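Structure, as structure tokens:
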Amino acid sequence: GAAMAEDEGLVSVDYEVSGKVQGVFFRKYTQGEAKRLGLVGWVQNTSHGTVQGQIQGPTARVRELQEWLRKIGSPQSRISRAEFSNEKKIKSLEHKEFQILK
């Protein structure tokens with residue numbers, strides 16, 4: 001039905017994660033999880049102690065990574081908040097892979 005078609009589309013969403021997320025391999029684990037889910041995008045540390053980036057891929061998979069960013073993260077991280085913004089449907093992926101940006 002309609003719900004299925006909805007889930008099969010591609011989405012792009014920006015994220016920012018706050019808490020103890022720098023110096024705990026958060027970017028490396030995020031990249032690993034994104035690759036496992038077949039998602040593309042990027043992740044980077046910000047100057048104000050958060051981690052931010054963009055995720056693109058099939059809606060259901062993107063939702064899985066959002067959950068992961070909200071609740072799990074890297075083993076030594078402590079997530080206080082994960083915010084998502086600028087979600088939009090896209091026709092095709094705008095990134096080739098999931099990169100860690102400096």
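The values are calculated or read from the model by the stated rules, or taken from the named source; none is laboratory data. Here the structure is a predicted model, which is why all the values come from computation and not from measurement. FYI the Cβ positions are ideal-geometry reconstructions off the backbone, even for glycines, and counts take in every protein chain you see. Side chains included, ligands, DNA and RNA excluded: accessible areas come from the protein's heavy atoms. Shrake-Rupley method; radii C 1.70, N 1.55, O 1.52, S 1.80 Å.
Details
- Here the extension length gained between SER47 and LYS88 equals 12.1 nm, from 0.36 nm per residue of separation less the Cα-Cα distance.
- Degrees separating the helix 59-71 axis from the principal Cα axis of the chain, which is the longest one: 20 degrees
- Taking the 1.4 Å solvent-accessible surface of the chain as the whole, the part contributed by carbon and sulfur is 50%.
- Charge tally around PRO75: other residues with Cβ under 15 Å, Lys/Arg +1 each, Asp/Glu -1 each, net +4.
- The range 66-84 and the range 12-56 have Cα centres lying 9 Å from one another.
- C-alpha long axis of helix 26-37 to longest principal axis of the chain, angle in °: 20 degrees
- Accessible area per residue in Å² at 1.4 Å probe, computed on the range 10-90: 50 Å²
- Correct choice for semi-axes √(5λ) of the Cα gyration tensor in Å that was computed from the model, options [x] 32, 21, 11; [y] 24, 13, 12; [z] 22, 16, 14: [y]
- With DNA, RNA and ligands ignored, accessible area of GLU87 (1.4 Å probe; Å², nearest 10): 90 Å²
- Ordering 77-85, 34-42, 46-54 by mean Cβ neighbour count within 10 Å, with the highest value first, yields 34-42, 46-54, 77-85.
- Exceedance of the 25 Å cut-off in Cα-Cα distance is limited, within the set LYS28/LYS91; LYS20/LYS96; LYS35/LYS91; LYS20/LYS91; LYS35/LYS88, to LYS28/LYS91; LYS20/LYS96; LYS20/LYS91.
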